[in-house]
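Please read the structure below before turning to the comments.
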Amino acid sequence: MTANTIEHNRQRQQFVGVDSVWLFGYGSLIYKVDFPFLERRPASITGWTRRFWQGSHDHRGTVDAPGRVVTLVEQPGAECRGMAYRVSPSVFEHLDEREKNGYLRFTTTLTFDTNERAEGLVYIATRDNSAFLGPADDQSIARQIAGATGPSGPNREYLLRLAEALRALGDEDAHVFAIEKHLHRHLA
Ligand code: BEZ
């Protein structure tokens with residue numbers, strides 16, 4: 001099921017008189033940077049953890065064989081590491097279109113590696129969106145990813161590129177790395 005959020009996002013933040021906005025990326029925004037940015041800094045947010053719980057019917061799968069992509073779920077005390085971009089508000093026109101399947105923009109506090117903080121935005125697909133798939137065991141998620149391909153390419157490529165980008169950021173994401181391990185076993 002698709003869950004088009006373009007109009008909803010357009011109404012959420014108006015950006016009147018704002019020159020630039022911090023955007024926190026924790027998934028494909030870390031490695032697929034198809035938008036202009038003014039500045040880029042590794043950062044993290046607290047209270048959220050990355051999970052392959054969102055269905056992808058439009059990018060990494062199809063309606064008949066949806067893929068799985070990441071969203072954030074609340075977990076007290078958790079830290080999610082990613083990449084922050086300072087962007088012009090006009091960038092959201094492109095990103096709202098790119099991430100239209102269930103993701104809404106939320107305000108969050110970013111912590112940079114220097115411990116400086118800033119307010120920013122993050123796209124999250126919440127449990128109430130119709131493309132939300134929810135939890136499954138790591139092996140089942142890896143199997144679903146191995147069997148899905150969409151207009152943006154194979155779902156496995158999304159997982160492998162994300163895992164590689166997280167390693168480059170020095171992140172230890174047990175969830176992502178466990179699914180990556182199962183994917184390699186499945187493909188062997
Ligand atoms: C992210 O990398 O932050 C992201 C990517 C796709 C959808 C939502 C968020």
query: Just the accessible area per residue of the chain, please: how many Å² with a 1.4 Å probe?
result: 48 Å²
- prompt: Which listed residue (Pro89, Ala174, Thr49) has the Cα farthest towards the positive end of the charge dipole for region 6-187, taking +1 on Lys and Arg C-beta and -1 on Asp and Glu C-beta about the Cα centre?
  reply: Ala174
field: Cα-Cα separations in the chain greater than 22 Å, expressed as whole percent
entry: 44 percent
message: Can you tell me what share of the DSSP beta bridges in region 6-187 is antiparallel? A percent to the nearest 5 is fine.
response: 90 percent
message: Once neighbouring chains are kept in place and the probe is 1.4 Å, which whole percent of the accessible area of the chain is contributed by carbon and sulfur?
response: 49 percent
query: Tally Lys and Arg at +1 and Asp and Glu at -1 over the other residues with C-beta under 10 Å from the C-beta of Gly153: what net charge comes out?
result: +2
task: Pairs of Cα atoms under 8 Å, at least six residues apart: use those to get the relative contact order of the chain, whole percent.
output: 29 percent
- line: Heads up, region 94-186 by the C-alpha gyration tensor (a ≥ b ≥ c square roots of eigenvalues; a/c under 1.5 rounded, else a/b over b/c prolate, else oblate) looks oblate
query: Where in region 98-119 does the label zone of Leu38 land, with the point 7 angstrom along Cα→C-beta and an amide N cut-off under 15 Å?
result: 118-119
- line: Per the 1/(1 + (r/R0)^6) rule, R0 = 45 Å and r from the Cβ atoms of Glu172 and Gln14, FRET efficiency to 0.05 is 0.75
query: Ordered by residue, what ³J(HN,Hα) values in Hz, to whole numbers, does region 45-54 give under the Karplus form 6.51 cos²θ - 1.76 cosθ + 1.60, where θ = phi - 60° and Gly and Pro are x?
result: 10, 10, x, 9, 10, 7, 9, 7, 10, 9
query: Placing +1 at every Lys and Arg Cβ and -1 at every Asp and Glu Cβ, with all other atoms neutral, what dipole size does the chain have around its Cα centre, in debye to the nearest 20?
result: 280 debye
Cα gyration tensor shape of region 50-102, rounded if a/c is under 1.5, else prolate or oblate by comparing a/b with b/c: oblate
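The values are calculated or read from the model by the stated rules, or taken from the named source; none is laboratory data. Everything quoted here is computed from the prediction, not taken from an experiment. Positions of Cβ are generated from backbone atoms using ideal geometry, with glycine treated the same way; all protein chains shown enter the neighbour counts. All accessible areas refer to the heavy atoms of the entire protein, side chains included, with ligands and DNA or RNA removed. Shrake-Rupley method; radii C 1.70, N 1.55, O 1.52, S 1.80 Å.
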